[in-house]
Structures are given as structure tokens and as C-alpha cells.
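Below is one structure; the comments refer to it alone.
The values are calculated or read from the model by the stated rules, or taken from the named source; none is laboratory data. As the structure is a prediction and not an experimental result, all values here were calculated from the model. Glycine also receives a Cβ, built like all others from the backbone with ideal geometry; neighbour counts cover every protein chain displayed.
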Amino acid sequence: MGNSSVVLEYRLLKGKDEYVPLYHYEHIELEQILARRECEFYVKEGVTYKQRSSAVEDDLHIIYVDEYEHHPKEKEDPESRHSIKVEVRAFNARQNHPVITTKYMRTHLEVLSFIGAVYTYVNRKEWERDSAEMDEDRMVYVLYVTETGFKFE
């Protein structure tokens, strides 16, 4: 399986064994597919989808999703055009998930390494991973975390 022929498809689950193809990505790097597969949520056209499972059929990688929420579509973040932007946000819906820090990465392998970790350290505090999201509308990965209470002195 060569990197140049890898394809990603998001499929909307409709029933136990039924699905509808949603989005199809050709010419996508395997590293980006793996980073996206690490994300429990996917945002496209104002719809948030929740990942249910994934599969590989030869060179076709599939992510199965359910509709989760609908919001107005947000604009693309212009800062995301020259690198891969990752927001680290506190998992707190009442405060609209405030941004703790923003990181800019060069490769999707770096993104995968970062969002796939259970713990991350920001501002001398330890944070535990809750979930991750690929927000394609804004072209940003989002890592949702909760504070563990551990602080570096």
C-alpha cells in the first residue's frame, strides 16, 4: 500500500449495517488519515460528527460517524494556512471550552503524536486528554483536556 494511492472516506451510519458516503478525500497522506482517525469528532459544513468506528479496505480508509450537533459554519482560521494549527482547550462547555494554548505543527505525524497522548503539560500544569476534533471548517485540530491538579513547582 503506497502513500500516494491512499484514500479516506467518511461514512454516515444510518442503521446497523447501513451507511451513506459523506466525504471522500483522494491524494491524502497516510499520516493525516491517522491523525483524523485519532479524533473522536469531525466538523464539516457546521455539522459535528462523532466517530463510531473505522476500517481499512485495501487502500481505502473509512471513518464511520453519526451526526452529533449542528452549529452555524465557522470561517476558516487564516493562521492555519501555513502550518497545522492545534488548539488545546479546557473541556468546559459552560465556559465555551476556553483555549489554553495554541500550537503550530509542521506534519500530521507531529499532530498525531500530540493529540494521541493521555497527558499534556501547559503552563506548568498537567492536563488529561478528553477528546480531539478535526474542525475542517476552521482547518484546526482541537484537543480537549481537563486539569488533573498536578502542578510543576
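Per the listing Glu26, Glu9, the residue uniquely under 12 Å from Asp59 (Cβ atoms), surrounded by 16 or more Cβ atoms within 10 Å (Cβ to Cβ) and either over 11 Å from the mean Cα position of the chain (by Cα) or basic (Lys, Arg) (or both) is Glu9. Across the stretch 38-95, the qualifying residues are those that are assigned to a loop (DSSP other than H, G, I, E, B), surrounded by 14 or more Cβ atoms within 10 Å (Cβ to Cβ) and in contact with a Lys or Arg (Cβ under 8 Å, 6 or more places away or on another chain), and the one among them that is modelled with the highest pLDDT is Glu40. Could you grab me the full set of residues in the stretch 101-120 that are under 16 Å from Phe91 (Cβ atoms) and either assigned by TED's automatic domain parsing to the domain that holds Glu29 or assigned to a strand (DSSP E or B) (or both)? Across the stretch 101-120, the qualifying residues are Thr101, Tyr119, Thr120.
When Val99, Val122, Val145 are checked against the criterion of being of a type in the set (A, V, I, L, M), out of contact with any Phe, Trp or Tyr (no Cβ under 9 Å at 6 or more places or on another chain), farther than 19 Å from Gln32 by Cα and surrounded by 13 or more Cβ atoms within 10 Å (Cβ to Cβ), Val122 stands alone in meeting it. Residues of the stretch 12-23 that are over 15 Å from Ala55 (Cβ atoms) and surrounded by 10 or more Cβ atoms within 10 Å (Cβ to Cβ): Lys14, Tyr23.
All of (1) outside the structural domain of Thr120 (by TED's automatic domain parsing); (2) part of a strand (DSSP E or B); (3) of a type in the set (Val, Ile, Thr); (4) under 30 Å from Tyr121 (Cα atoms) hold for Ile33 with one exception: (2).
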